[in-house]
Amino acid sequence: MAGLRLGPLLRYADGSSATVWIEASRPCAAEVRCADGSGGTTRTFQVAGHHYALIPVTGLTPGTATPYEVFLDGARAWPPADSPFPPSAIRTPAGDDDVRVAFGSCRWAAPPAGEHDPVGPDALDSLAARIAADPEGERPDVLLLLGDQVYADETSDATRRRIAGRRDLTEPPGSEVADYEEYTWLYDESWLDPEVRWLLSTVPSCMIFDDHDVIDDWNTSASWVADMRATDWWRERVLSGLMSYWVYQHLGNLSPAVLAADPLYAAVRDTPDATDLVRDFACRADTEPAGVRWSYRRDFGRVRVLMVDTRAARVLTEDGRAMLDAGEAHWLREQALDTPGSYDHLLVGTSLPWLLPHLVHDAEGWNAALCRGERGARWARFGEKVRRAADLEHWAAFPDSFAALTLLLAEVGTGPQAPASVLVLSGDVHHAYVAEPRWPGDVPDARVLQLTCSPVHNSIPLSIRAGFRFGWSALARALGRGFRRHGRSPRPPVGWRKTGGPWFGNQLMTLTLRGRSARLRLHQARADGVLVLVEESELTSG
C-alpha cells in the first residue's frame, strides 16, 4: 500500500483553486478531498526512484477556509490519526481581504526533538506553534522562502552519517551532498520536522533558490565556474541540485494555468520514469541558463509578487557582468510595468539584498572594478581571491545591474498610477534591517524600501555582527569612498539610509497589506519557542 513519504505542502492558492505537493512511497493515485466536496486527483510521476504528485484542487469557494485530507489509492494518508495539530486547511482569499505576506531565508534543518539546537529555536517551528494554538487567529496568506531552503554544502551530523554509509567521505565532495538521492535526504530532514510539516500543509508557500541550495557562492564568477567544472564531482552535484529544485520547489511555485502549458511537466507526467527528462532539463539549465526561467509572478488581489532568480540567470564575463541576463531583465521589467494602476503594492523577491550597508556596497563595487581589470592584471587576480573569500556577489557586485534595478524601481514607483509601495524583499545576510533610498532628483510617488530578513534558522558569528553594524556608520562610509576612488568606480545612482535594525536572531518579517496601506512587523523566535514582536512600523498609510 502506498504511504506518504513527505508533504503535503500547500503551494499555490487563489480564490477557487490550489495545488498540493506530495511524495509517496510508490506509484499511486493521489487525491485531495476537501470538507466542502471540492478536491482533485492525479497520478504520481517518478524521478530517480521517487514518486511525486502535484495535486490540482478545484471548486473552492473564495473567502473560505476548507479542511482537507490526502488519500493515496483511496486510503487516507493525511492527516495522521494521532496528529496533535488542527486540520490542514486551504484558505482562499476574497477580493477585498487583507494580504499578509511572511518572508525570510536561510533555514538550516532543526535537529530532532530533544536534541540540542546549536543555532537556537527555528522561527518556522515557532510560527507553526502560534498558528496551531489559535487556528482561527491571524496567519500569513503566503510564506515567501527567499533561498537556502536546504544546505547542500553544510550537512547535519545525521546526514553525514547517512552519506558515510554509501561512499567514502575522504573523497570529494566529502560530507556535502553528491547526487539526487542525497538531496532527497535534505528535504526529508527539513520538511519532516513535525511543526514545519504541518505549517507547510496549511500555509501556501512560494520559494526561490540561493547559493546553498546548490553550493556556497554558486555562480559567483566565470573563473569560479571554470574551477568547479574542472572537478570530477561538480557536474553530478549541480545537475542533482537543479533536478531536485525543479521537483521539490519550483513546480509548486507555478499556477495551474502555467503548469498546463508547460511541455516538460506534461512529458514528465506521461512517462513511466521521468529521470532522464528532468536530468536533460537540468543540463540545459546549467549550460544554457538563458533558455530556462526560474523567476515567476504571483498576484494576490492587488498585491503583485515577482520572485527573481539571482543565481542561475547571471552573466559572468568580466566585461559584461550582469545579475540577470538580457531575457531575465526584460521579463522583470515587463512584469513590473504590466498594466499600470492594477496593483497597490509591488513586492520584488530577490534572495540577495539590493541595498546593503554602505561599506559592503562600496567594497563589492570596488572588487568588481578590480576583477574587470581597472587596476591591471595583478589587482584583478587579487580581486578574484577576495571576491570568493568574502562572498562579494550581491547586486552591488554587478554595478550595471544595480543601476538598472534602481532605475526600474523608480520608474515603477513614479506617476499617477504608481503603487503605494515598492518593496524589495531579501535575505542571505543572516540579519534583518530596513533601508530607504534617497533619490538625487525627483522622488518616486511610491514608498520604496529594502526589507531584509534572515535567517529563519541559522547563526552569525559575533565578528560578522560587529562588521554589519559598523558597515552603516559614518566612518564606514568614508572607508567606502576610499574603495570607490581606488577602483575608479562611480558613485551609486541612489543614496540610502538604514531606517530599522540591524536585528540578529532567528526571525520572520510579515507585511500586512490593506488597500494602499502597508504595515511591517518583525518577529523573533525566543528560547522557549515563542515568536516575539520586536519591531512594528507603518510603511504606507494609504
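The values are calculated or read from the model by the stated rules, or taken from the named source; none is laboratory data. Treat the numbers as computed from the prediction; the structure is a model and nothing was measured. Methodologically, a virtual Cβ is constructed for each residue, glycine included, from the backbone with ideal geometry; neighbour enumeration extends over all protein chains shown. Keep in mind that these areas ignore ligands, DNA and RNA; they rest on the heavy atoms of the full protein, side chains included. Shrake-Rupley method; radii C 1.70, N 1.55, O 1.52, S 1.80 Å.
A compact table of results
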| read-out | value |
| --- | --- |
| Options 258, 268, 292, ranked by Cα towards positive dipole end of the range 247-305, top entry (Cβ charges) | 258 |
| Estimated 222 nm signal from helices in the chain, with DSSP H stretches of n ≥ 4 weighted -39500 (n - 2.57), rounded to 500 | -9000 deg cm²/dmol |
| Integer Hz, Karplus 6.51/-1.76/1.60 couplings in order for the range 475-483, x for Gly and Pro | 5, 4, 4, 5, 4, x, 4, x, 4 |
| Rg(Cα) / (2.2 N^0.38 Å) computed for the range 435-542, rounded to two decimals | 1.30 |
| Karplus (6.51, -1.76, 1.60) ³J(HN,Hα), θ = phi - 60°, over the range 416-425, in Hz, Gly and Pro reported as x | x, 9, 5, x, 6, 9, 10, 10, 9, 9 |
| Carbon/sulfur fraction of accessible area - the range 480-542, other protein chains in place, 1.4 Å, % | 45 |
| Heavy-atom accessible area ranking, 1.4 Å probe, most first, across 258, 47, 360 | 258, 360, 47 |
| Residue-by-residue Karplus 3J(HN,Hα) for the range 281-287, coefficients 6.51, -1.76, 1.60, Hz, glycine and proline x | 4, 4, 4, 5, 5, 7, 8 |
| Ranking by accessible area, most exposed first, for 55, 464 with a 1.4 Å probe | 464, 55 |
| Estimated dipole of the range 317-395 in Debye, rounded to 20 [Cβ of Lys and Arg +1, of Asp and Glu -1, Cα centre] | 560 |
| Dimensions (Å) - the range 329-425, Cα atoms, principal axes, largest first | 51, 20, 19 |
| Electrostatic dipole magnitude of the chain [Cβ: Lys, Arg +1; Asp, Glu -1; Cα centre; debye, to 20] | 1580 |
| Kirkwood hydrodynamic radius of the range 37-76, from inverse mean 1/r over distinct Cα pairs, in Å | 12.0 |
| For the range 260-360, share of DSSP beta bridges that run antiparallel, in % to the nearest 5 | 50 |
| Electrostatic dipole magnitude of the range 1-111 [Cβ: Lys, Arg +1; Asp, Glu -1; Cα centre; debye, to 20] | 380 |
